[in-house]
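Some notes on the structure that comes next.
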Amino acid sequence: MPTRPLSQVIRPLLIALAALAMAGATAVPVNASVMTPKSPNAAGALAAAGALTAAGVLAAAHGAVAPSAPARPNTSIAGPSGIKAKGGALANAATGKILWSLDLNTERPIGSIVKVMTALVVIKAGDLDRTITVPKSVIAYLKKQDQPSTAGLIPGDKLTAQELLEALLLPSGCDAAYTLAEAYGPGLNAFIAKMNAEAKQLGLTGTYFSNFDGLPWPSEYSTWSTPANLLTLGRYAMRYPDFRAIVGQSAYRLPAGDGHHAYLWQNTNPLIGRYAGATGIKTGDTKAAENCLLFEAERDGLTLIGVTLGTPGDDIADTGPVATKVLNWGFAHF
């Protein structure tokens, strides 16, 4: 039997190996090697790393502009310096390309950034002109919490869902979150289930909601998300005009009217009205989460979206200088 030349044997093997290598390279998501304490297995970590890809498909199904999958950051450019945060990320809001990240897929408590999902569930349900009465039970609920942020809602007042969204997102009103959850669940547990169902549809595999307001119950660590997942959530929420219009305001004044008192709600976001081009999004803080900020800004046709988690300090305003450094770096380099 004739012997085949060695080159005829090796060449096909090399081609096959190269093809396999290329296929494997395209299948591995960014930061796929990152494992988190709450990830049950490697498959969960890989799914979390690829969450933005799934979100793009599902966002399109929901009728909004689909967030696209993030590309690898440009590692040839040094990231922003002096960032005091335990986790964070910055991305091109239009494309989803990650420009900088810190523990991109690590799960952490996020405080009142939870209210972004609360608002999203309400907005998607619609009927924002419906009148909702602030329930008396909200007083007992707030008394059980440790210094919750509120919109100062008065039980018995009748407000529209749209007005309650202002109270939810600007002063980060836990009383507004409670009122909306009771109405749109209907009931608190049903509403929380809707929040987690929406997270699943968006592919937020590194995210879990145990409540509707971000307060530390049932524990400090029972609600969590990742920088990557929060960028997906933020990009998706900002495509809804009702949401975007609210979070971009410095304040909202509601004059006294038939069935309700007068209210003035200030935005807790330290960038709004202070950082040129800032358009949102939401603050969050608890003892475990420390100070958190999901933010977006636009300059010269470029929109950047970012998040910082775990900034130390005694006030949510401490997130302002950190986010400013991240955004300034992003606009300077991209």
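Throughout, read-outs are computed from the coordinates displayed, never taken from laboratory work. Source: prediction; values computed, not measured. We place every Cβ from the backbone using ideal geometry, glycine too, and count neighbours over all the protein chains shown.
Some notes on this structure:
- Size check on region 161-291: the Cα extents along the three principal axes, sorted descending, read 41, 37, 30 Å.
- The HN-Hα couplings worked out from phi for region 291-303 by the Karplus form 6.51 cos²θ - 1.76 cosθ + 1.60 (θ = phi - 60°) are 9, 10, 8, 9, 9, 8, 8, 10, 8, 6, x, 9, 10 Hz, whole numbers, x standing for Gly and Pro.
- When the Cα convex hull of region 106-192 is projected onto planes of every orientation, the mean area is 5.8 nm².
- Fraction of the pair-distance distribution of region 58-333 above 35 Å, Cα-Cα pairs, percent: 11
- Cβ-based net charge around SER172, under 11 Å, with every Lys or Arg adding one and every Asp or Glu removing one: -1
- Once backbone amide H atoms are built at 1.01 Å from N, ILE281 has LEU294, PHE295, GLU296 as its partners under 5 Å, excluding neighbours fewer than 5 places away on the same chain.
- Cross-linked pairs LYS158/LYS282; LYS124/LYS282; LYS194/LYS287; LYS144/LYS282; LYS86/LYS325: Cα-Cα separations exceed 22 Å for LYS158/LYS282; LYS194/LYS287; LYS144/LYS282.
- Range of Cα positions in region 255-334 per principal axis (Å), largest first: 52, 35, 15
- Point-to-point label distance, SER81-GLN201, nm (Cα→Cβ direction, 7 Å offset): 4.6
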